[in-house]
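Enquirer: Before I ask anything, let me first share the structure, which is written out below as structure tokens.
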Amino acid sequence: MAEPVKTAKTIVEEVLSLTVAREVWTSNYFPALPFTPQGFEINALIPAVFYMFRTGKRRGKGTFHETYGLRKEATGRRVRAAGSVSVDKIAEKLATSDELVRGFGDPIPRAVLADALLAFCFENRNHEPGRGEQVQRVLPTHYFSSWIDLPDIVVHLRYVPEAVVALLVNQKSGTTIELRNERTRFKLIASTDDIAANDLVRPFASGLSIGSHPSDLKADDFNEDTPLGIDQLLTVRTARLCGQKPAKLRGSKDEVDAIANRRPVVGHAVDHFRQDLSVLLQVYGTVIPRKTLLPMIESALALGLTNILLSTTRSVGEWERTGRLWTSSEESPWPMFVDASSAADFDIRRVSEESCFHMAIRFERLPVIFMALRVLDAFVRYDGDIADADKLRALPTPNDWINLLGEIAQERHPESSTLHRDLRRSSKKLAEALRNAQEAPEIASLLEDSQQSPVWRMAEALVALMGSGNQQKHFRKCLDSCLMTNEPHGLAVKRKVLARNSESGRGRTTDARSLVLTNTMLDFLVHRHLHKAAKGKKERSLSYQEFLDIIRNNYGLHVDRAPSGMSIPAELLARNRSILERRLRDLGLLVGVNDAESMKRLQPRFEVAETN
């Protein structure tokens, strides 16, 4: 019998052990970044976040597909219907099963109902139009959207909802998020009274009442006397027909239902993320219409997650160079030039694309850095001679642990020589195994390169064995997801361009990204920063120049100044500033009685009473 063909992964498992291989053969490193660097949809996050705020657990299997994707045969046995769940099927089920949705039994009214569901409640796969297409996500028009398990596998959201909940709750200690009485504006919901203590849930909880037992899947209820808009009512009706909210996650032994209390290595970016959502929702959560508020929340999530991802990239890049992460006083956002014209001005767009290009080059190093962290983590964690290893690695912020790994990588720790020797031996064994299997000889040569640190040659070799192009594709998808690239409420646009090799002259298509400020993003930024994060959230006077300084210092968004390392003509910077000023005026967000800079002030589009 022929021996099974060895793959790169099985060779790594044989050389490094199955346990170590399982830990390094992945993309993420949760102690540095609390979500998986792969693609996800920001507009699919909030229903899962609602669920996790309510239960304190990760979402598992629900009854949505069973309710709307199954039919009964004559024998009474249920089987999956042909195709998948679409708004047509949801409309059919609502029209025939829910006595509170009446008058839609005929084909034309039912088509109208399906159109309303697609307009207000659901989104088709790949944003396709049509009533018969598969629905892929539910829109968070009401809290009861959390009863609908879309996407049906929560891991497809790449642990981002779990990270959002952990960052907003801001639990000071413990390895998992728990039901506590800590001071937070984003409290876990154990009773109806807790709804008012959660800024994100409160605007979407009209008519909601909470049962006394969080484990009861049918405990949440809705007051039928509550007046609702058609978007909210359809969500409530669709969800209530499911009968119960999804159960908590029940997966393999590697999947747990608890929400890990993890934070990224950059504290300031997390603070801005939490404060931005808190201020926006406290002040405007019940004032701004939901159809306007939801896009603003998506913009806030996009900006916050992008800032966290890129700031983390800068910090671990510093770790690669020096062996230490940034301290809180050293942290700063990634500086990038923003195209205020939204690609209408060719020269401004070109400079913004150049700024994003420089960022992308450094961002491509992130898979190797994360691999180095995983390799060191796997080799160091069980070393009995490392004092307080478990304590240093403890959640929620194991920055000291990562700094310890950096000390070992830089050969400044007493145990460095032993661990480097182990890595050199493992590199040699892996190189020999690859050669014997006639697999990736160029990677075997890399592993034998004695001029390079064993940490980094092992990291680069493992990334190459996993497929460096595939790894970078996942990381780019994560970046595009955070930026909400080419989305109407996002932070970037992308186009295909032809790039030519200077030596061969051959051309290939590649992506050119530029940073933009959509109208929704401007709406969010202005309304959030017209109020301080201090108690009371009173409106403050904010000049145009102060606004530009805030978005540059907090998020790295450069409008009228060149980012470090770039040379931009003063005339182009002035034009970019003028374009943004004109856009803010057109949106009703800026007023000025004359051309004096001090007289140009930002103003809200939505008036609110002073908060307490």
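The values are calculated or read from the model by the stated rules, or taken from the named source; none is laboratory data. Since we're looking at a predicted model, the values are computed, not measured. Here the Cβ positions follow ideal geometry from the backbone for every residue, glycine too, while neighbour counts run over all protein chains shown.
Enquirer: (1) under 24 Å from the mean Cα position of the chain (by Cα); (2) surrounded by 12 or more Cβ atoms within 10 Å (Cβ to Cβ): which one isn't true of GLY469, the others all being true?
Expert: (2)
Enquirer: Something else about it: What about SER426, is it over 26 Å from ARG476 (Cβ atoms), out of contact with any Gly (no Cβ under 9 Å at 6 or more places or on another chain) and either surrounded by 15 or more Cβ atoms within 10 Å (Cβ to Cβ) or of a type in the set (A, V, I, L, M, F, W, C) (or both)?
Expert: Values: over 26 Å from ARG476 (Cβ atoms): yes; out of contact with any Gly (no Cβ under 9 Å at 6 or more places or on another chain): yes; either surrounded by 15 or more Cβ atoms within 10 Å (Cβ to Cβ) or of a type in the set (A, V, I, L, M, F, W, C) (or both): yes.
Yes.
Enquirer: ASP549 passes all but one of (1) closer than 20 Å to ASP276 by Cα; (2) touching a residue at least 12 places away in the same chain (Cβ under 8 Å); which number fails?
Expert: It is condition (2) that ASP549 fails.
Enquirer: Any residue that is surrounded by fewer than 18 Cβ atoms within 10 Å (Cβ to Cβ), without any contact (Cβ under 8 Å) to a residue 24 or more places away in the chain, in a helix (DSSP H, G or I) and not acidic (Asp, Glu) - is there at least one of those in segment 448-464?
Expert: no
Enquirer: Would you be able to tell me the number of residues in segment 548-587 that are part of a loop (DSSP other than H, G, I, E, B) and either closer than 16 Å to SER352 by Cα or in contact with an Asp or Glu (Cβ under 6 Å, 6 or more places away or on another chain) (or both)?
Expert: Within segment 548-587, the first condition is being part of a loop (DSSP other than H, G, I, E, B), and the residues that meet it are 556, 559-569, 587.
With the extra rule that they be either closer than 16 Å to SER352 by Cα or in contact with an Asp or Glu (Cβ under 6 Å, 6 or more places away or on another chain) (or both), the set shrinks to 556, 559-569.
Of the residues in segment 548-587, 12 are part of a loop (DSSP other than H, G, I, E, B) and either closer than 16 Å to SER352 by Cα or in contact with an Asp or Glu (Cβ under 6 Å, 6 or more places away or on another chain) (or both).
Enquirer: Out of all the residues in segment 280-297, which are crowded, with 24+ Cβ neighbours inside 10 Å and in contact with an Asp or Glu (Cβ under 9 Å, 6 or more places away or on another chain)?
Expert: Answer for segment 280-297, where residues must be crowded, with 24+ Cβ neighbours inside 10 Å and in contact with an Asp or Glu (Cβ under 9 Å, 6 or more places away or on another chain): LEU280, LEU281, VAL283.
Enquirer: In addition: Pick from ASP193, ASP216: which is acidic (Asp, Glu), closer than 25 Å to GLN244 by Cβ, part of a helix (DSSP H, G or I) and at pLDDT below 95?
Expert: ASP193
Enquirer: Just one of ASP422, ASP400 is out of contact with any Cys (no Cβ under 6 Å at 6 or more places or on another chain), without any contact (Cβ under 8 Å) to a residue 60 or more places away in the chain and either closer than 15 Å to SER453 by Cβ or among the hydroxyl-bearing types (Ser, Thr, Tyr) (or both); which is it?
Expert: Values: ASP400 fails: either closer than 15 Å to SER453 by Cβ or among the hydroxyl-bearing types (Ser, Thr, Tyr) (or both).
Of the residues listed, the single one that is out of contact with any Cys (no Cβ under 6 Å at 6 or more places or on another chain), without any contact (Cβ under 8 Å) to a residue 60 or more places away in the chain and either closer than 15 Å to SER453 by Cβ or among the hydroxyl-bearing types (Ser, Thr, Tyr) (or both) is ASP422.
Enquirer: For SER332, are the conditions met, namely being among the hydroxyl-bearing types (Ser, Thr, Tyr), in contact with a Pro (Cβ under 7 Å, 6 or more places away or on another chain) and in contact (Cβ under 8 Å) with a residue 40 or more places away in the chain?
Expert: Working: among the hydroxyl-bearing types (Ser, Thr, Tyr): yes; in contact with a Pro (Cβ under 7 Å, 6 or more places away or on another chain): no; in contact (Cβ under 8 Å) with a residue 40 or more places away in the chain: yes.
Considered against the rule, which asks whether it is among the hydroxyl-bearing types (Ser, Thr, Tyr), in contact with a Pro (Cβ under 7 Å, 6 or more places away or on another chain) and in contact (Cβ under 8 Å) with a residue 40 or more places away in the chain, SER332 comes out as no.
Enquirer: Something else now. For segment 333-352, enumerate the residues that are out of contact with any Lys or Arg (no Cβ under 8 Å at 6 or more places or on another chain), assigned to a helix (DSSP H, G or I) and closer than 19 Å to ARG552 by Cβ.
Expert: VAL351, SER352
Enquirer: For ILE550, which of the numbered conditions (1) surrounded by fewer than 17 Cβ atoms within 10 Å (Cβ to Cβ); (2) more than 26 Å from the chain's Cα centre (by Cα); (3) not acidic (Asp, Glu) fails to hold?
Expert: (2)
Enquirer: Can you tell me which of (1) under 23 Å from LEU168 (Cβ atoms); (2) in contact with a Leu (Cβ under 7 Å, 6 or more places away or on another chain) is the one VAL266 doesn't meet?
Expert: (2) is the only condition that VAL266 fails.
Enquirer: Residues LEU139, LEU167: which one is of a type outside the set (Gly, Ala, Ser) and in contact with a Cys (Cβ under 6 Å, 6 or more places away or on another chain)?
Expert: Details: LEU167 fails: in contact with a Cys (Cβ under 6 Å, 6 or more places away or on another chain).
After ruling out the rest, the residue left standing is LEU139.
Enquirer: Of all residues in segment 353-387 being β-branched (Val, Ile, Thr) and part of a helix (DSSP H, G or I), which is surrounded by the most Cβ atoms within 10 Å (Cβ to Cβ)?
Expert: Taking segment 353-387 as the starting set, the residues that turn out to be β-branched (Val, Ile, Thr) are 361, 368-369, 375, 380, 386.
This time we only want the ones that are part of a helix (DSSP H, G or I), so: 361, 368-369, 375, 380.
Working: ILE361: 9, VAL368: 20, ILE369: 19, VAL375: 25, VAL380: 21.
Step by step, filter segment 353-387, then rank; the result is VAL375.
For (1) under 20 Å from ASP345 (Cβ atoms); (2) crowded, with 19+ Cβ neighbours inside 10 Å; (3) aliphatic (A, V, I, L, M), each residue gets a yes or a no:
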position: THR510; (1), (2), (3): no, no, no
position: SER541; (1), (2), (3): no, no, no
position: SER567; (1), (2), (3): yes, no, no
position: GLU571; (1), (2), (3): yes, no, no
position: LEU580; (1), (2), (3): yes, yes, yes
position: ARG585; (1), (2), (3): yes, no, no
position: LYS600; (1), (2), (3): no, yes, no
position: ARG605; (1), (2), (3): no, no, no
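Enquirer: Name the pairs: first residue in segment 296-311 and touching a residue at least 24 places away in the same chain (Cβ under 8 Å), second residue among the charged types (D, E, K, R), Cβ to Cβ under 6 Å, at least 6 apart or on different chains?
Expert: Close Cβ pairs satisfying both conditions: MET296/ASP523; ALA300/ASP276.
Enquirer: Do we have any residue at all in segment 473-494 that's in a loop (DSSP other than H, G, I, E, B), surrounded by fewer than 13 Cβ atoms within 10 Å (Cβ to Cβ) and touching a Pro at 6+ places or on another chain (Cβ under 9 Å)?
Expert: yes
Enquirer: Kindly evaluate ALA197 against the criterion of being surrounded by 13 or more Cβ atoms within 10 Å (Cβ to Cβ), out of contact with any Asp or Glu (no Cβ under 8 Å at 6 or more places or on another chain) and without any contact (Cβ under 8 Å) to a residue 24 or more places away in the chain. Outline the logic, then answer.
Expert: Details: surrounded by 13 or more Cβ atoms within 10 Å (Cβ to Cβ): yes; out of contact with any Asp or Glu (no Cβ under 8 Å at 6 or more places or on another chain): yes; without any contact (Cβ under 8 Å) to a residue 24 or more places away in the chain: yes.
Yes: the conditions hold for ALA197.
Enquirer: Return the residues of segment 264-273 that are assigned to a helix (DSSP H, G or I) and either touching a helix residue (DSSP H, G or I) at 6+ places or on another chain (Cβ under 6 Å) or closer than 14 Å to HIS529 by Cβ (or both); say none if nothing qualifies. I'd like the intermediate steps shown before the answer.
Expert: So in segment 264-273, the residues assigned to a helix (DSSP H, G or I) come out as 267-273.
If the condition is that a residue be assigned to a helix (DSSP H, G or I) and either touching a helix residue (DSSP H, G or I) at 6+ places or on another chain (Cβ under 6 Å) or closer than 14 Å to HIS529 by Cβ (or both), then ALA269, VAL270, HIS272, PHE273 are the ones that fit.
Enquirer: Next up: Can you name the number of the only condition in (1) more than 35 Å from the chain's Cα centre (by Cα); (2) in a loop (DSSP other than H, G, I, E, B); (3) buried (at least 16 other Cβ atoms within 10 Å of the Cβ); (4) not basic (Lys, Arg) that ALA444 fails?
Expert: Every condition holds for ALA444 apart from (2).
Enquirer: Identify, from the list LEU294, LEU280, the residue that is touching a Leu at 6+ places or on another chain (Cβ under 8 Å), part of a helix (DSSP H, G or I), modelled with pLDDT of 90 or more and on the phi < 0 side of the Ramachandran plot. Quick ask: steps written out before the conclusion?
Expert: Details: LEU280 fails: touching a Leu at 6+ places or on another chain (Cβ under 8 Å).
That would be LEU294, the only listed residue that is touching a Leu at 6+ places or on another chain (Cβ under 8 Å), part of a helix (DSSP H, G or I), modelled with pLDDT of 90 or more and on the phi < 0 side of the Ramachandran plot.
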